[in-house]
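A short write-up of the structure that comes next.
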Amino acid sequence: MNGRDSRPVMRDWARRLRGVSPISLQAMRQTFSVSRLTFHASRFTCVFLTLALWLLAPATAHAQDRIVALSPEKGPTGGGTVVSIEVEGGVVLGPLRVEFGGRPAGVLRRTGLSTLEAVAPPGDPGPAPVQVVNELWGTTTAPAVFTYVPPAPRLVRLDPPAVPVGSEGVVLSIEGEHFGATSRLRVGGTAVPVTVVSPQRLQARIPAPLLARAWTLEVRVTDAALGGGTSNGLSLSVTNPAPEVTAIEAPPLLAPASGATAITVRGRGFRPESLVYLAGTAVTTRFQTGEELTALIPPALLAKAGELPVTVVTPGPGGGASNAVDLAVRAPFPGRYLAFTSNRRGGRNHVYLLDREAGRLDPLEEANSANGNDGYPSISADGRFIVFQSDRNRGQADVFLFDRETRRLDPLPELNHPTAFDGFPHISADGRFIVFESDRLNGRPKIFLFDTQTRVRSELGQANEATADDGLAAISN
């Protein structure tokens, strides 16, 4: 004993045993025999229990031969779904393993006598059999089904992101992720055939009807197979061209105007929705072609003289405002029409009219006489009526009225005297009244008035004096 002499200890034990009575020694021997019996019984019990468990293994396997429920029954292909598993029967004995499509669950824990919790490993899209494996007995449950759901597609970029309106044969490239053979494309809510180039790229030809007008189309990718879901949306813009104005055709614009005035705007990039603006105000516009618009200028915009900037505005997507071209509005032309006498044709006097605004000379061929002299013209304010003196009738002076609108000559038989001098006429601004000089009364010139509507001639007695010569009259507005 640790290097010391053991004999004193042995002698001590001998003394003690000699002091024990025979009855006590017998009791000790019995106790030792019972302990040996208990030890042998324990060994028997262990062997018995092992044999019983082995014999009961089929019953245990039968008790866990079916998975009653999985919750949830779906999860992403990336794994990580915590799945609750309920096994039919009582206590699930022994070391266990849960497999999803042959792949062992990463984490497994018991949550009850017949329930487990397992974390699904990564898997392929589609249904996967789930089994509980008893590693002690080598038994497995009948498989339940867990469905791996592919991740929803995600869009990152469109190429091109915008196309001109009216385009045809546009091939759209869609970049993103999680694309597959079952991916489907919708553009502006319309299903469009798509080609899967790779899990990160799709291609599709956009139908021309979707590009016939300017608007914004939402592009999405769906994958309905196995509940893959719908992607985020990206915008594809169908854009109008930017308009450009090159010229404006308009009649002379005078302020103030009495009615709407039509103009033609020429350029390029016009669309049916384009509007003509004058000084920032939209006016009635009619689309003719991509290079021509017509518009009506309301009188309010022609109330005063000045420059009117003309632009064309096309709404988006795209479009915008064109360059500005100025349209001149002039003040009323003072004395626009000029009637005068000229002997430029064969030395005879004839009446002419000049439109100063238009810069045009009217020779009044329907009014002038080929064989007589025509002169002393007077014109109405609007330039329609011209009254003048002519000696075409046997060399005698008479008064004639010409209507430029109808191009008709009125010989005024109610005004003229067959043998007297009638001349030096003057017409009122509205073209209704004519004052003239005539010597029909006692051979002295006197002033007369003629109403072209009533065809009544009258002497202006208040103006004439019996013994004097009165003539060369003019009538005010």
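The values are calculated or read from the model by the stated rules, or taken from the named source; none is laboratory data. Since we're looking at a predicted model, the values are computed, not measured. Reconstructed Cβ throughout: ideal geometry from the backbone, glycine too, with neighbour counts over all protein chains shown.
Laid out as a table, the results:
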quantity	calculated
Count - residues of region 72-124 that are of a type in the set (G, A, S) and assigned to a strand (DSSP E or B)	3
Number of positions in region 93-139 that are more than 55 Å from the chain's Cα centre (by Cα) and of a type in the set (D, E, K, R)	4
Residue in region 198-217 that is out of contact with any Ser or Thr (no Cβ under 9 Å at 6 or more places or on another chain), without any contact (Cβ under 8 Å) to a residue 12 or more places away in the chain, more than 28 Å from T314 (Cβ to Cβ) and polar (S, T, N, Q) present	no
Lone unmet requirement of (1) surrounded by 17 or more Cβ atoms within 10 Å (Cβ to Cβ); (2) without any contact (Cβ under 8 Å) to a residue 60 or more places away in the chain for P241	(2)
Checklist (1) assigned by TED's automatic domain parsing to the domain that holds T284; (2) modelled with pLDDT of 90 or more; (3) surrounded by fewer than 14 Cβ atoms within 10 Å (Cβ to Cβ) applied to G259, failing item	(2)
Positions within region 366-382 being part of a loop (DSSP other than H, G, I, E, B) and more than 60 Å from the chain's Cα centre (by Cα), in sequence order	E366, A367, N368, S369, A370, N371, G372, N373
Residues that are within 60 Å of the chain's Cα centre (by Cα) and either closer than 16 Å to S378 by Cα or not charged (D, E, K, R) (or both), drawn from region 406-431	T406, A429, D430, G431
Neighbours by Cβ (under 7 Å, 6+ apart or cross-chain): first from region 130-153, assigned to a loop (DSSP other than H, G, I, E, B); second basic (K, R)	E135/R97; T141/R66
Within region 288-365, strands (runs of 3 or more DSSP E) holding 1 or more residues that are polar (S, T, N, Q) and under 46 Å from the mean Cα position of the chain (by Cα)	292-297, 306-314
Filter result (more than 15 Å from D326 (Cβ to Cβ) and of a type in the set (A, V, I, L, M, F, W, C)) within region 266-294	F270, L275, A282, V283, F287, L293
Single residue of R186, R157 found to be basic (K, R), on the phi < 0 side of the Ramachandran plot, in a strand (DSSP E or B) and buried (at least 16 other Cβ atoms within 10 Å of the Cβ)	R186
Matching entry among T111, T141 (being farther than 17 Å from D65 by Cα and of a type in the set (V, I, T))	T111
Pairs with Cβ under 7 Å, 6+ apart, first in region 164-184 and in the same structural domain as N232 (by TED's automatic domain parsing), second hydroxyl-bearing (S, T, Y) and modelled with pLDDT of 95 or more	P164/T239; V165/T239
Selected residue [within 30 Å of P125 (Cα to Cα) and either at pLDDT 95 or above or out of contact with any strand residue (DSSP E or B) (no Cβ under 9 Å at 6 or more places or on another chain) (or both)] from V163, V221, V245	V221
Within region 287-317, tally of residues that are surrounded by 13 or more Cβ atoms within 10 Å (Cβ to Cβ) and either among the charged types (D, E, K, R) or more than 18 Å from V165 (Cα to Cα) (or both)	17
Candidate set: region 97-133, residues that are of a type in the set (D, E) and surrounded by 15 or more Cβ atoms within 10 Å (Cβ to Cβ); chosen: the one farthest from P151 (Cα to Cα)	E117
A142 being among the aliphatic types (A, V, I, L, M) and within 13 Å of G75 (Cα to Cα)	no
